[in-house]
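J.: Below is the structure I would like to discuss, written out as structure tokens.
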Amino acid sequence: METLKKILTDEDTVDLTPMIDVTFLLLIYFMVTTMLKQPEAELSIQLPGKPQNSDITPMDMVKVRIGDEGEVYLNGSEIEDGIDLLMPDLVGNLKQQKNIRDQLIAGGTPKEVAELKVQIESSGIAEHQASISVLNACSEAGVQKVTFAFQ
């Protein structure tokens with residue numbers, strides 16, 4: 001009976017000192033490893049602004065559309081590359097367009113007006129490989145301005 005009384009009267013105590021030590025160590029760790037945010041004024045990024053000449057109208061973009069089954073259309077007409085991942089017909093057409101635009105630029109047309117820009121519009125269920133093949137064709141043709149549009 002005496003031992004039962006002794007067990008019931010004993011109180012358990014929890015030492016909080018190690019938990020406080022760990023908390024302060026974590027706080028110091030995160031304070032040391034956190035990188036402070038760099039002020040935006042010090043970033044070397046040039047943000048787009050209003051165009052200098054608002055009377056300049058660029059030429060139309062070349063539009064490449066990728067259908068549901070991976071078929072490729074250039075400005076509305078289908079390119080007959082079949083399953084060829086290199087897309088030689090598309091590369092040839094883009095090179096021809098780029099040469100025409102480069103001649104216009106060499107002839108005095110401002111680059112902002114005549115530069116070749118390609119807009120790729122892919123179907124939501126088309127395979128990603130078709131988009132990659134079109135991007136590769138643009139790269140091979142020397143096109144540097146490519147945008148994506150979503151249906």
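J.: Mind checking the dipole of the chain: about its Cα centre, +1 per Lys or Arg Cβ, -1 per Asp or Glu Cβ, Debye to the nearest 20?
T.: Using Cβ point charges on Lys, Arg, Asp and Glu, the chain gives about 740 debye.
J.: Could I ask something else about it? Give the total of Lys-Lys pairs in the chain with Cα-Cα distances below 19 Å; include a pair only if its members are 8 or more places apart or on different chains.
T.: 13
J.: Considering all projection directions equally, how large on average is the shadow of the alpha-carbon convex hull of the chain, in square nanometres?
T.: For the chain, averaging the hull's shadow over all directions gives 21.4 nm².
J.: On to the next question. What size of dipole, in debye to the nearest 20, comes out for the range 62-150 about its Cα centre when the only charges are +1 on Lys and Arg C-beta atoms and -1 on Asp and Glu C-beta atoms?
T.: 600 debye
J.: Within the set of other residues whose C-beta is less than 11 Å from the C-beta of Val143, count the net charge using Lys and Arg as +1 and Asp and Glu as -1.
T.: +3
Throughout, read-outs are computed from the coordinates displayed, never taken from laboratory work. What you see is a predicted model; the values in this text were computed from it and never measured. Reconstructed Cβ throughout: ideal geometry from the backbone, glycine too, with neighbour counts over all protein chains shown.
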